[in-house]
1. Please return the longest stretch of the chain lacking exposed loop sites, where GluC sites (Glu not before Pro) count only if DSSP places them in a loop and at most 11 other Cβ atoms lie within 10 Å.
2. Looking at the calculated P(r) for the stretch 1-145, what percent of the C-alpha pair distances fall above 20 Å?
3. Relative to the longest principal Cα axis of the chain, at what angle does helix 69-80 sit, 0 to 90 degrees, rounded to 10?
4. What is the local net charge at Ile27, summed over the other residues whose Cβ is closer than 13 Å to its Cβ (Lys, Arg +1; Asp, Glu -1)?
5. With a cut-off of at most 16 other beta carbons within 10 Å, and DSSP calling the residue loop, which trypsin sites (Lys or Arg not before Pro) in the stretch 118-156 qualify? Please list them.
6. In whole percent, what relative contact order does the chain give with Cα contacts below 8 Å and a gap of six or more residues?
7. Once the piece of chain linking Glu137 and Lys181 is laid out straight, how much longer is it, given 0.36 nm per residue of separation minus the C-alpha distance between them?
8. Which entries of Lys20/Lys169; Lys28/Lys58; Lys70/Lys181 show an alpha-carbon separation above 26 angstrom in the structure shown?
Amino acid sequence: MKKEKKTLIIGITGGTGSGKSTVCKSIKESIPEENIAIIEQDAYYKDQSHLSFEERLKTNYDHPLAFDNKLLIKHLDMLCNGETIEKPIYDYELHTRNLEETITTEAKDIIIVEGIMILEDEELRNKLDIKIYVDTEDDLRILRRIQRDIKERGRTVDSVIDQYLTTVKPAHDQFIEPYKKYADIIIPEGGQNEVAIDMVIARIKTQLH
Ligand code: ADP
Ligand code: C5P
Ligand code: MG
C-alpha cells in the first residue's frame with residue numbers, strides 16, 4: 001500500500017546516557033499510537049548468535065561496524081513506502097539479537113530513529129528530516145550509565161567503567177560528538193527538558209494536522 005502523505009523522519013542522537021531513549025519515550029507518550037513509530041538503532045546491532053558468550057563480550061559495541069545499518073535503512077525505506085517491518089529485538093545481557101521474536105511495526109506518519117551513531121552514517125543521516133542531538137555533560141552521562149547498566153543491562157560497576165574507558169569514551173570523541181554539527185536542534189540535559197520536548201511534540205502535531 002503506497003502512502004499518500006510523506007513520512008516525517010526525526011533522528012535523535014547523543015552520547016550514551018544523554019537521555020535519548022527517555023526523550024523518545026516522552027515524545028511517544030504525547031502522540032497517538034497510530035501516528036508514531038520508534039526505531040532504535042540498538043535494535044540493529046549485528047546478530048552475534050553464531051559467537052560464544054565470551055566472544056560477544058569482546059565485541060566493540062561503540063564502533064559503526066557493530067551496527068547493521070544496511071538493514072536499518074532498508075526498514076526505514078519500507079516504512080516510508082507504507083510497508084510493515086519486523087523490527088529486531090536486541091538483548092543487552094546476551095549481547096545479541098533475539099532470533100525467535102521481532103516487533104511487527106507498521107508504517108506511521110512519524111518515525112523517530114534513535115541511537116548513538118545515526119549521524120555518523122551519511123546515507124542514514126540523509127534520510128532524516130529533523131536531526132536532534134541530546135547534549136549532556138560527560139560526567140552525568142557516565143553516572144547515569146553506571147546506574148542504568150547495573151539495573152537494566154546486567155552489568156557491574158567495574159565492567160561499565162572498564163568498557164567506558166576502553167571503547168565508549170574514545171568512540172564518543174571520534175564518532176558521536178564531531179557529528180553534532182549536523183544537528184538542527186540541540187537539547188541540553190535530555191530526559192527532563194520539558195520545554196525542548198514540548199517543541200518537538202508541537203512540530204509533530206503540526207505535521208499530523
Ligand atoms: P540514552 O538512551 O541516551 O543512553 P537514557 O534515556 O537511557 O539514555 O538515560 C540513561 C539513564 O539516565 C536512564 O536510567 C534514565 O532514566 C536516566 N535519565 C535520563 N534523563 C535524565 C535526566 N534528565 N535526569 C536524570 N536522569 C535521567
Ligand atoms: O542507550 P545507549 O545509547 O546507551 O546505547 C548504546 C550503548 O549500548 C553503547 O555505548 C554500547 O556500549 C552499549 N552496548 C553494550 N552492550 C551491548 C550493546 C550495546 O554495552 N551488547
Ligand atoms: Mg538508549
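Each value in this text was obtained by applying a stated rule to the coordinates, not by laboratory testing. Model, not experiment: these values are computed from the prediction. Positions of Cβ are backbone-derived with ideal geometry, glycine not excepted, and every protein chain shown enters the neighbour counts.
1. Value returned for the longest uninterrupted segment is 107-209.
2. Numbers: 5205 of 10440 pairs.
In whole percent, the long-distance tail amounts to 50.
3. Helix 69-80 and the main axis of the chain meet at about 20 degrees.
4. Details: positive: Lys20, Lys25, Lys28, Lys108, Arg203, Lys205; negative: Glu29, Glu33, Glu114, Glu194, Asp198.
Value of the local net charge: +1.
5. Working: sites: Arg125, Lys127, Lys131, Arg141, Arg144, Arg145, Arg148, Lys151, Arg153, Arg155; in loops: Lys127, Arg153, Arg155.
For trypsin sites (Lys or Arg not before Pro) across the stretch 118-156 that sit outside H, G, I, E and B with at most 16 neighbouring Cβ atoms in 10 Å, the list reads Arg153.
6. Values: 335 pairs, mean separation 74.1, N = 209.
After rounding, I find 35 percent.
7. Numbers: separation 44, 0.36 × 44 = 15.84 nm, distance 1.66 nm.
Stretched out fully, the Glu137 to Lys181 stretch lengthens by 14.2 nm.
8. With Cα atoms farther than 26 Å apart: Lys28/Lys58.
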